[in-house]
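J.: Below you will find the structure I want to go over with you.
Readers should treat all values here as calculations from the given coordinates under stated rules, not as data from a laboratory. Source: prediction; values computed, not measured. We place every Cβ from the backbone using ideal geometry, glycine too, and count neighbours over all the protein chains shown.
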Amino acid sequence: MKIMKRKKTGSSLGMQWFTTGVSTTLVLILLGVVLFFMMFARQLSNSVKENLTVTVLMSMKADEADINDFRAMLDSAAYTSQVDYITKEQALQEQVEAMGTDPSDFLGANPFTASFEMRMSLDYANSDSIASIAAMLKKNANVEDVLYQKELVDKVNENLRKAGYVLILLVVLLSLVSFSLIRGTVRLSVYSGRFVIRTMELVGADWSFIRKPFMIRGGILGLSSGICADIVLLSVIALLLHMDPALSEYIRQYMMVTVALILPLFGLLLTLCCTYLSVNKCLQMKSSELY
């Protein structure tokens, strides 16, 4: 009868830890999804900022030498990531293709000027920086005007900033919820072994010796849960990339590597912390509280 009882107790403890592992894996998957979307949103925001363009219209008086000097200055500037030169003839051709009419036929001359399309560097893709750069460029005698959509720039940056705040808040809240949920499941698992803990105390084992097997089991549980969460998330991401290869522009390898490293580490630290607190709580329990 005693042997059967031990087997039943061991089976119950094993089931408790298995349930804890499943719960921990599900929580880590949810946390991984939020972390991934946080990095995805950042990559998307960088892509949007990199596509913000500023048009510099050159003066009709600017000759080829002036334009070449100006282009060399833009190419070497820290605030540009890409510079495209559009000649007067190209601008006229684009107008003809867009409108179906040639304005030079009734004006007698090409009304367009040469221009540069600048794509801004990430650090300068905001309204304040662009306004300062535009004011500086307008001081050049060969520049007629600098055009950009200020409202669009402001709206893009505002929306991206709000999205960033929301995602950060979600990560913080989810981390707190994760700690509470995992601590609760780990505490149940440890509590189911409270009589084993008390028996070890009675035979003279110190707290560190009693705590050690639970910490090892908790650490293994956290790592394995993190690895399982990685397998699920990376499989879903791989499926998404297979279904839509265009997503590879926004889903970068470093994002997957970061999530793959963070989840097992977070699971390990979280379960170790929860196990430590739970075992200590059982060690501090009085005999009357065991039943």
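J.: Do any of 49/138; 61/155; 88/139; 61/150 go past 26 Å between their Cα atoms, and which?
T.: Going by Cα-Cα distance, 61/155; 61/150 fall outside the 26 Å limit.
J.: Taking the Cβ of residue 43 as the center, what net charge do the other residues with Cβ under 10 Å away carry, scoring Lys and Arg +1 and Asp and Glu -1?
T.: +1
J.: Work out the FRET efficiency for residue 180 and residue 84 from their Cβ-Cβ distance, taking R0 = 51 Å, and round it to the nearest 0.05.
T.: Working from the Cβ atoms, E equals 0.45.
J.: With each label point set 7 Å from Cα along the Cα-Cβ vector, what nm distance links residue 65 and residue 207?
T.: Between residue 65 and residue 207, the label points sit 8.5 nm apart.
J.: Now a separate question. Could you tell me the calculated FRET efficiency between residue 254 and residue 284, based on Cβ-Cβ distance and R0 = 45 angstrom, to the nearest 0.05?
T.: The computed FRET efficiency comes out at 0.50.
J.: While we're on this one: Need one number: nm distance between label points at residue 165 and residue 138, each 7 Å from Cα along Cα→Cβ, rounded to one decimal.
T.: That separation, rounded to one decimal, is 3.1 nm.
J.: Right, another one. If r is the Cβ-Cβ distance from residue 121 to residue 273 and R0 is 35 Å, what FRET efficiency results, to the nearest 0.05?
T.: 0.25
J.: Work through the residues other than residue 274 whose Cβ is under 9 Å from its Cβ and net out their charges, Lys, Arg +1 and Asp, Glu -1. Write down the numbers at each step before the final one.
T.: Values: positive: 183, 187; negative: none.
Here the count lands on +2.
J.: Under the classification rounded if a/c is under 1.5, otherwise prolate if a/b is larger than b/c and oblate if not, where does the stretch 228-271 fall, given a ≥ b ≥ c as square roots of the Cα gyration tensor eigenvalues?
T.: Taking the square roots of the gyration eigenvalues as a ≥ b ≥ c, the stretch 228-271 is oblate.
J.: Sticking with the crude label model, points 7 Å out along Cα→Cβ, report the distance from residue 75 to residue 34 in nm, one decimal please.
T.: That separation, rounded to one decimal, is 4.8 nm.
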